[in-house]
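Dropping the structure in here first, questions after.
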Amino acid sequence: MITATTPKPLLTLSGVCVFYGNFRAIDQIDIAVGAGEIVSIIGANGAGKTTLLKAIIGQADRVEGRICFAGAEILGSTTAAIVRSGIMLVPEGRRLFPSLTVEENLQLGWEVGRRGQIGFDDVFRLFPVLREQRRQRAGWLSGGQQQMVALGRALLANPRLLLCDEISLGLAPQVVAELYALIPAIKARGIGILIVEQDLERSLSVADRFYCLLEGRVSLAGRPAEVTHETVIRHYFGL
Amino acid sequence: MLVPWINQLLQGILLGGLYTMFATGLSLSAGVMRFVNIAHGDFIVLACFALLVLTTALGLNPVVATLIVLPFAFLFGFGLQRFLLQRVVGQNVLLVILVTFGLSIIIENGLLEGFGADTRKVSGGWLETATVALGQGINVGLFQVFTFIAAVALVAVLDLLLYRTGIGAKIRAVSDDVAAADLIGLSSGRIYAVAMGISFVTVGIAAGFMSIWTNFDPASGPTRLLIAFEVVVLGGLGSLWGSLAGGIVLGIAQSIGGQWDITWQMLAGHIIFLLVLAVRPQGLFPRY
Amino acid sequence: MRSASRLSLNLARLVCAAAVAAAAAAPLLLSQNDVVLLTEFMSMLVLAIMWNLLAGYADIVTVGQHAFVGVGAYAFFGFTALAGLDPYLSIPLAGVAALAIAVPAMALVFRLRTAYLAIGTWVVAEVLMLIAGKLDAFGGGSGTSLPISIVLSFGRTRGDRLAVIYWLAFALAATAMLATYVLLRSRIGVGLTAMRDNEEGAAAVGVNITYARILCFLGTAPFLGMAGAIITLQKLRIAPPASFSITDWTVFVIFNVVIGGIGSFEGPIIGTIVYFVLRQYLSGLGPVHLILLGSFSIITILVERRGLWGLVRRMLDDDLLPIAHKPSPAFRASALLLRAARR
């Protein structure tokens, strides 16, 4: 029975394991993200955060368990099909195509995604600087501007669920603050957001709920307001 | 006294057009997929034999025959990449070299088995013998002029395709960072296959002009590969317009070398290539 | 189970040792035709070992190996027939000449990477063959025969001569094998193997890879040149297309190594044996022979890229010759821990 107070989750992972060879990088994880919900995945280096995102997007070698998105099983689908169904990744390190122009990078997001309301104008309204730079090669932009292109590229795919991998990495604090200030606007469009972030404070400040990973398992889950800082730290390092 | 040299210079420039055609497909596949198809020259010769069959057995006009071959060339290149080369690409460059090397030997000997070692040619009719007089006793072949114009057009069209179309942007994207392309749902395997298909269309076009311009036999492939390779390196890796320049440089070198002493034709081209490699390894017009 | 496998492995090593001993005595045991065949086998084996060292370990795929075979053939002819040097001395000198050509060739082709380097070596071979065809003293484009006096200096009768040439080829093959074995067991070899398996690994071993690749490229040249000299002694003539034959000295060699097992010490040996066995049945087929070999090698790459030896190796727990230094259990454990920590 689905009740009105707990909306049907957009994405559910049940009993998911991810392997590298014989090494179990993710071990029996259960995670859910609802539409218009911001969920944060926190955890130390090597806890399996990026691996988790790769498993969702269909880029991990061996995955077991169930991954359901919008009521359909997506485990085993190609990345292209998953992206078309409405999940888009903002990869760690931005991963733009440096020799392509800003506009071409954005256009690729539009082409791989599903049809929807978000268009170039919306992206340029969010990031006005990109309109000026749209003929510039992406490789020549500053780190912050590159991250804007990566976010814009993902938004143009009109995702229902956005996966953000370490978007603050290597950026000046002020730029990070600006980027995070835009997250509520994205959420307001009903897009679910799964954030992976090293920066604990930043990540918890925007999240509706969070999961803490430790050595491939969920060591703590809840709402940021409901747990103390000390509890989080304890589960973060497994003390 | 000067006239024969000017004549050779002109012939060399025109020959450069044909060489550019050999090179464009190799430049595309090498630039995008970061491997060199060692069977490239043999595929050109294979297409020449296909044209020979179409024009002699079916009596088709060479232009019509070439147009028929092109879609099949695309499908062939697409399939070759999708079902054979994709299995080894990305693992280890060694494997791709060895697979295409094996293909080269199979094609060469398959043609030898099927057609014998005889030298062949496709007849271009009146076009082959028509010349344009430029005064001072200098004549250039009309067909050679057509070939050069077609080569320039081919480079221009490929340039537009690569830099002004959606599929071009995708091809450049996987060329930039194939792993990133996969992460955002651009299927790199499919895009590679399309790029190889386009490369094979240029192989078909090059064969159309080569089969009328020169004699060929089953063992002609390696020479074409070496020419295409030298043109690509001379022009600067991945630079299409550079290929045109590289083709012309190589054409002139061979033509002038041949005027001095006919046995020096091939050697002069190779030596120019090695000299440029020694002093300017990035090529004449590097892309970056 | 394990001990049974170990037993068969030791048995195989014993068989190999017996085979080497028999090979050394071959001219005393076999007919003249068989000695000719076996001489060819030894030359091909040298070429296969050298190509495998470059492609399988040093990450240098060359399609221009025939260049140095041809240079060796021409240099041997030049030293002995034109300069009048001692015929036996001319064989190592042919190796020196190949080395002398390899230095500038390397300076040029090492400017190119991987696949480009492969075709670059081919261009160099083409240039050398075309130049060889312009040397009038060497018979120009059609080549020339070895003077009879030089041929006779290797033995008065055909039987003596064949035996001497065979022993030269055998000695070269044995030296090539020994040199490769020593190289692969050395620090440089360990570094190359580490690089082949994992880029970071080589850096960890602390071997300068550029230096190692240069050493391998230059190291193979004298062996190829001396093989060229011995091949010339067998064929009794030089000619640009034959002495610089890409089919004989490169294409077949690549197929041998790929089918036998690239990147292993045993691979080229197995591949060359298979090649000679197949040739008995297939050489009558003309072009089909090469089509089949090409198809075999592509299938090998797709199915088991370590070749026939890779297939056999799955069933054994060690190489015939212990090339790899086996890590101690403690080392293995720490490597595992390191890998786990990196995740």
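No value in this document is a laboratory result; all are computed from the given coordinates. Just so it is clear, the structure is predicted and the values come from calculations on it, not from any experiment. Positions of Cβ are generated from backbone atoms using ideal geometry, with glycine treated the same way; all protein chains shown enter the neighbour counts.
Let me know the charge dipole size of the range C:22-342 about its Cα centre in debye, to the nearest 20, where only the beta-carbon of Lys, Arg (+1) and Asp, Glu (-1) is charged.
Roughly 380 debye for the range C:22-342.
Please report, for the Cα atoms of the range A:133-201, the Rg to one decimal and the Dmax as a whole number; what are they, in angstrom?
Both quantities, over Cα of the range A:133-201: 12.3, 36 Å.
Sticking with this structure for a sec: Which order do B:119, B:20, C:80 fall in if you start with the one that has the fewest other Cβ atoms within 10 Å?
Taking fewest neighbouring Cβ atoms as first place, the list is B:119, C:80, B:20.
Which one, B:252, B:263, B:173, projects farthest toward the positive side of the charge dipole computed for the range B:119-266 from Cβ point charges (K/R +1, D/E -1)?
Going by the charge dipole, the pick is B:173.
From other protein chains only, count the Cβ atoms within 10 Å of every residue's Cβ in A:91-103, then give the mean.
Rounded to a whole number, the mean comes out at 4.
Something else: What is the fewest-to-most order of A:168, B:175, C:149, B:199 by other Cβ atoms lying within 10 Å of their Cβ?
The order, fewest Cβ neighbours first, is C:149, A:168, B:175, B:199.
May I ask you to sort B:126, A:140, C:122, C:167 by Cβ crowding, counting other Cβ atoms within 10 Å and putting the fewest first?
Final ranking by Cβ density, sparse to dense: B:126, A:140, C:167, C:122.
For the range B:162-245, what are the per-bin percents of Cα-Cα distances with bins 5 Å wide, up to the bin holding the maximum?
Computed distribution, short to long bins: 3, 12, 16, 21, 19, 13, 9, 5, 2, 0.
Right, here's the next one. Using the alpha-carbon centroid of each, what span in Å lies between the range C:142-181 and the range C:101-118?
For the range C:142-181 versus the range C:101-118, the Cα centre distance is 31 Å.
Calculate how many DSSP beta bridges within the range A:81-239 are antiparallel, expressed in % of all such bridges and rounded to the nearest 5.
Taking every DSSP beta bridge with both residues in the range A:81-239, the antiparallel ones total about 40 percent.
Have a look at B:208, B:197, B:146 and report the one farthest towards the positive end of the charge dipole of the range B:25-220, computed about the Cα centre with Cβ charges (Lys/Arg +1, Asp/Glu -1).
Of the listed residues, the answer is B:197.
Pick out, in residue order, every one of the chymotrypsin sites (Phe, Trp or Tyr not before Pro) in the range C:250-310 that is DSSP loop and has at most 11 other C-beta atoms within 10 Å; say none if there are none. All intermediate terms of the calculation are to be shown ahead of the outcome.
Values: sites: C:252, C:255, C:265, C:275, C:276, C:281, C:296, C:309; in loops: C:265.
Answer in residue order: no site qualifies.
Semi-axes of the equivalent ellipsoid for chain A, please: Cα gyration tensor eigenvalues, times 5, square-rooted, ordered largest first, whole Å.
28, 20, 18
If you don't mind, there's one more thing I want to ask. How large is the translational diffusion coefficient of the range C:151-258 in µm² per second when you combine the Kirkwood radius over alpha carbon pairs with Stokes-Einstein at 20 °C and 1.002 mPa s? If you can, show how the numbers build up before the last one.
On the way: Rh = 16.3 Å.
The Stokes-Einstein estimate is 131 µm²/s.
Tell me, what are the semi-axes, in whole angstrom and largest first, of the equivalent ellipsoid of the range B:1-88 as set by the roots of 5 times the Cα gyration tensor eigenvalues?
Values for the range B:1-88, descending: 30, 22, 9 Å.
How long is chain C along each principal axis, judged by its Cα atoms, biggest number first, in Å?
That works out to 68, 47, 39 Å along the principal axes.
Roughly how crowded by other chains is peptide C:104-116, in terms of the mean Cβ count from those chains within 10 Å of each of its Cβ atoms?
4
Same structure again: How much FRET efficiency would the formula 1/(1 + (r/R0)^6) give for residue B:6 and residue B:278, where r is the Cβ-Cβ distance and R0 is 22 Å, rounded to 0.05?
FRET efficiency, residue B:6 to residue B:278: 0.15.
Report, in debye and to the nearest 20, how large the dipole of chain A comes out about its Cα centre when Lys and Arg carry +1 and Asp and Glu carry -1 on their Cβ.
So the dipole magnitude of chain A works out to roughly 520 debye.
Another one. Using the Cα atoms of the range B:121-275, I'd like the radius of gyration and the largest Cα-Cα distance, Dmax, both in angstrom.
18.5, 63
Could you give the Stokes-Einstein D for chain B in µm² per second, using the C-alpha Kirkwood radius, 4 °C, 1.567 mPa s?
Translational diffusion coefficient: 67 µm²/s.
Could you give the C-alpha radius of gyration of the range A:95-158 expressed as a fraction of 2.2 N^0.38 Å, taking N as the number of residues it contains?
So the Cα radius of gyration is 0.97 times the expected 2.2 N^0.38 Å.
Computed FRET efficiency, Cβ-Cβ of residue C:12 and residue A:30, R0 45 Å: what is it to the nearest 0.05? Please report the intermediate quantities before stating the final value.
On the way: r = 53 Å, r/R0 = 1.18.
With a Förster radius of 45 Å, E is 0.25.
Along each of the three principal axes of the Cα atoms of the range A:1-138, give the extent in whole Å, ordering the values from largest to smallest.
Ordered largest first, the range A:1-138 gives principal extents of 46, 42, 28 Å.
Where the centre of each part is set by its Cα atoms, how far does the range C:50-92 sit from the range B:187-213, in angstrom?
For the range C:50-92 versus the range B:187-213, the Cα centre distance is 38 Å.
Something else now. On C-alpha positions alone, give me the angle between the axis of helix C:287-303 and the longest principal axis of chain C, in degrees, nearest 10.
With both axes taken from Cα atoms, the answer is about 20 degrees.
I'd like the Karplus ³J(HN,Hα) series for the range A:105-120: coefficients 6.51, -1.76, 1.60, θ = phi - 60°, whole numbers in Hz, and an x wherever there's a Gly or Pro.
3J(HN,Hα) across the range A:105-120, in whole Hz: 4, 5, 4, 4, x, 4, 6, 7, x, 9, 6, x, 7, 6, x, 4.
Charges on Cβ only, +1 for Lys and Arg, -1 for Asp and Glu, centred on the Cα centroid of the protein assembly as shown; of A:151, C:164, A:212, which one is farthest towards the dipole's positive end?
A:212
Shifting gears a bit: Could you tell me what percent of the DSSP beta bridges with both partners in the protein assembly as shown are antiparallel, to the nearest 5? Could you put the intermediate results ahead of the total?
Details: 28 of 46 bridges.
Expressed as a percentage, antiparallel bridges in the protein assembly as shown total about 60.
Between residue A:45 and residue A:22, what FRET efficiency comes out of the Förster formula 1/(1 + (r/R0)^6) with R0 = 22 Å and r the beta carbon distance, rounded to 0.05?
Values: r = 21 Å, r/R0 = 0.98.
For residue A:22 and residue A:45, the calculated efficiency is 0.55.
Considering chain C as a Gaussian network with a 10 Å cut-off on Cα pairs, which listed residue, C:246, C:273, C:230, attains the greatest mean-square fluctuation?
Of the options given, C:273 has the highest mean-square fluctuation.
Taking only the Cα atoms of the range B:66-153, how large is their convex hull per residue, in Å³?
190
The range A:191-235 to the range B:99-144: how many Å between their Cα centroids?
Each part reduced to its Cα centre gives a spacing of 70 Å.
So if I average 1/r over every pair of distinct C-alpha atoms in the protein assembly as shown and take the inverse, what Kirkwood radius in Å does that give?
On the way: mean 1/r = 0.0326 Å⁻¹.
Hydrodynamic radius (Kirkwood, Cα pairs) of the protein assembly as shown is 30.7 Å.
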